[in-house]
Amino acid sequence: MTALPDLRSIRGRVLLPGEPDFDKARRPWNLAVRQPVAAVVEAADADDVAGLVHQARAAGLGITVQPNGHGATGRTDGTILLRTARLDGIEIDPVARRARVGAGVSSGRMQAAAAAYGLTGLPGSSPVVSVAGVALGGGLSWFGRAHGWVADSVTAFDIVDTDGRRRHVTADDDADLFWALRGGGGDFAIVTALETTLHPAPHLYGGRVLWSVAHAAEVVDAYRLITASAPDELTLWLELLHFPGAEPMVAIDVTHLGTEGDGEDLLGPLRELPEPISDSRRMMSVSELGTITAEPTDPGPGLSRGELLTALDDAAAATLLAEPIAPLLSVQIRHLGGAFARPSDSPHGPLTEPYALYQFGIPTTPETADAVAARQRTLAHALPISGRKPLTFLNPGETVGDVFTPATLARLRHVKLRHDPDNTFRSNFPVLP
């Protein structure tokens, strides 16, 4: 094993194997993923990051970067795990409608800062994931139908390169690297901050409507009807849910970048459905988006599988409801389209599939893990999937070959070899074979 460099110059916290809190510090968000590392460094700032790169490269060690470990795959053996959570600065320019956020800034924190000015970033379902991590993976947002991939709104990156130099990267000064960073993953440099466009959001109407699964067929029909003609400002996600100790349920989660009255008009078919168990729709701040799906904000184990659907026709709807989802906790269908399908100068390019599928279960035992994976596989193969996946939907057993076209992957590998020929930076999903 390669000897660790002397890390005493790091001003942040350094944790080595055998020390108190080492195991907790190396733990990824998904507790089902085992993450072996040689050391953990919690950088105090970008200068700490630059110093670590110099030392790691001199010692011949790789660096894996995680703010908190969403998307971890366990491909970390022998690397130094760099935590960037302390790089947490936020600057909002409301006139230019731009935010500069550190690599450790969560989506929820940026949303709260932008909301004060009637603006929004492009948040997903969870407020605790990092803005930088989502952008590096392309990013599917609540508002992607109106504004495209999360990465499409990024205008600049502050990075530390493989030589330990701090750089500011835009499309003008390094077009290839900028292109790769906007959705190609974290394989090319260490991002310490990014700048992103903010979008006007003077009004937001959203929430969850929940029914017994007995009404699932009617709810799915209403979902299909609404999404067939939804304007870009309206986003609906369909959820089949089966929580431990509860009866199965079906939900429609919604956001509308507009007034309550307009939102209600667009959602008219929901009024024809049976009485729901609950309905949380209301006018809300863009900082409250995490309350819609109420995803856990603490680490836990999970097994997921994501796909892109080419249709949600009668046959697909029937397949979706043919059997209970157990042992899965949730099966989610996200409506895409709109700006997602328009040109994008990013590795993903335009997202032409109209829906995304995301399945989730908890592997409480090895037997349960096998059953969850089998159920996910069976359902996915029975639906009209395209064979491509968003990078942020990959699970630890998948690779970038499941995301990018051969031509795009070849270009990403060219950028990797040009900017990090020694493979110092090890992303969750590396582009090199």
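Every number here is computed from the coordinates shown, using simple stated rules; none is lab data. Bear in mind that the values here come from a model prediction, so they are computed numbers and not experimental data. Quick reminder, even Gly has a Cβ in these numbers, built from the backbone with ideal geometry, and neighbours come from all protein chains shown.
Excluding Val415 itself, what net charge comes from residues whose Cβ is under 15 Å from its Cβ, given Lys and Arg +1 and Asp and Glu -1?
Details: positive: Arg167, Arg182, Arg411, Arg413, Lys416, Arg418; negative: Asp161, Asp173, Asp174, Asp176, Asp187, Asp345, Asp420, Asp422.
Here the count lands on -2.
By counting other Cβ atoms within 10 Å of each Cβ, how are Arg182, Arg418 ranked from fewest to most?
Details: Arg182 26, Arg418 12.
Arranged by neighbour count, lowest to highest, Arg182, Arg418 become Arg418, Arg182.
Restricting to Cα pairs below 8 Å that are 6+ residues apart, what does the relative contact order work out to for the chain? Please round to a whole percent. Could the numbers behind the result be given before it?
Working: 1007 pairs, mean separation 76.9, N = 433.
Computed value for the chain: 18 percent relative contact order.
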**Item:** Dipole of the chain, positive end: most advanced residue of Pro5, Gly164, Gly245 [Cβ charges, Cα centre]
**Value:** Pro5
**Message:** Connecting C-alpha atoms closer than 10 Å in a GNM of the chain, tell me which of Gly401, Gly206, Gly18 has the biggest fluctuation.
**Reply:** Gly18
**Request:** Name the residue farthest towards the positive end of the dipole of region 13-83 from the options Leu61, Gly71, Val37, assuming +1 on Cβ of Lys and Arg, -1 on Cβ of Asp and Glu, about the Cα centre.
**Result:** Gly71
**Prompt:** Three principal axis extents, largest first, for the C-alpha atoms of region 61-144, in Å?
**Reply:** 45, 23, 17
**Item:** Nearest 10 degrees, 0 to 90: helix 46-59 Cα axis against the chain principal axis
**Value:** 60 degrees
**Request:** Sum up the charges of everything whose Cβ sits under 10 Å from the Cβ of Ala317, counting Lys and Arg as +1 and Asp and Glu as -1, but leave Ala317 out.
**Result:** -2
**Message:** Rounded to whole Å, give me the distance from the Cα center of region 326-360 to that of region 391-408.
**Reply:** 14 Å
**Request:** Excluding Arg11 itself, calculate the net charge of residues whose Cβ lies under 13 Å from the Cβ of Arg11, where each Lys or Arg counts +1 and each Asp or Glu counts -1.
**Result:** -1
**Item:** Label of the coordinate-derived value, Cα Rg over 2.2 N^0.38 Å, listed as [x] 0.97; [y] 1.09; [z] 1.31
**Value:** [x]
**Request:** Compare the peptides 41-48, 133-140 by average per-residue count of other Cβ atoms within 10 angstrom and give them in order, highest first.
**Result:** 133-140, 41-48
**Asked** When only Cα pairs under 8 Å and 6 or more residues apart are kept, what is the percent relative contact order across region 41-146?
**Response** 21 percent
**Message:** Considering only C-alpha atoms, what is the centroid distance from region 259-298 to region 105-156, in Å?
**Reply:** 20 Å
**Request:** Using the charge dipole of the chain (Lys, Arg: +1 at Cβ; Asp, Glu: -1 at Cβ; taken about the Cα centre), state which of Pro406, His147, Ala222 has its Cα farthest towards the positive end.
**Result:** Pro406
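What relative contact order, as a whole-number percentage, does region 13-83 give when Cα pairs under 8 Å and 6 or more residues apart are counted? All intermediate terms of the calculation are to be shown ahead of the outcome.
Values: 115 pairs, mean separation 28.3, N = 71.
Dividing the mean separation by the residue count of region 13-83 yields 40 percent.
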**Prompt:** Once both axes come from the Cα atoms, what is the angle between helix 406-419 and the longest principal axis of the chain, in degrees from 0 to 90, rounded to 10?
**Reply:** 30 degrees
**Message:** So if I place +1 on the C-beta of Lys and Arg and -1 on the C-beta of Asp and Glu, and nothing else carries charge, what would the dipole magnitude of region 252-384 be about its Cα centre? I want it in debye, nearest 20.
**Reply:** 340 debye
**Prompt:** With +1 on each Lys and Arg Cβ and -1 on each Asp and Glu Cβ, how big is the dipole of region 21-134 about its Cα centre, in debye rounded to the nearest 20?
**Reply:** 320 debye
